[in-house]
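Worksheet: one structure, shown below.
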Amino acid sequence: MSVISDPQVQAAFDAFPPDALEMALQLRALIFETAAQMPQVGLLQETLKWGQPSYLPKQPKTGTTLRLGIPKSGGCAIYAHCATNVISSYAQAFPNTDQIEGNRAVIFDSSTDINPARLTLMIRHALTYHL
């Protein structure tokens, strides 16, 4: 897994509670692993958006941003821009399998809730949203 080089991103991760941190790092690794298997995506930019670790292809007009954060209900979530259909498409493809918050997030209560096979499809959709 790649090292977090941005001190602000590292500080955001450091502020996560231990259980949410484990999930966030697992999701971060899955985002980078998925991008690495997609040459059309290229390198990812890791930055903060709305105070949350965020991931977007460096190449313009490739994908939409994914963010990692802590929902009000606790746990950890992966967020996509609410004006996209990334989350709604995922929810339609896998009905009643994950906690979905509208068209903006998939929420996890524990790391065992994270299903890499399903989530990889959502991540691929986000990272290639504009292609």
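Since every read-out is calculated from the coordinates, none of them should be taken as a lab result. Just so you know, these numbers come straight off a predicted model, no measurement behind them. Every residue, glycine as well, gets a Cβ built from its backbone with ideal geometry; the counts of neighbours run over all protein chains shown.
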Exercise. Rounded to a whole number of µm²/s, how large is the Stokes-Einstein D of the range 40-97 at 10 °C and 1.306 mPa s, given Rh as the Kirkwood radius over C-alpha pairs?
Worked result: 125
Problem set entry | Least to most buried among 86, 3, 9, 41 (fewest other Cβ within 10 Å first) | 3, 9, 41, 86
Exercise. Among all helices in the chain defined by DSSP H, which have a length of 24 Å or more along the axis from Cα atoms plus a Kyte-Doolittle mean of at least -0.5?
Worked result: 18-36
Exercise. To the nearest 0.05, what FRET efficiency results for residue 73 and residue 118 with a Förster distance of 22 Å applied to their C-beta separation?
Worked result: 0.60
Problem set entry | the range 7-127, dipole about Cα centre (Lys/Arg Cβ +1, Asp/Glu Cβ -1), debye to the nearest 20 | 520
Exercise. Highest GNM mean-square fluctuation, the chain, Cα pairs closer than 10 Å: which of 49, 72, 61?
Worked result: 72
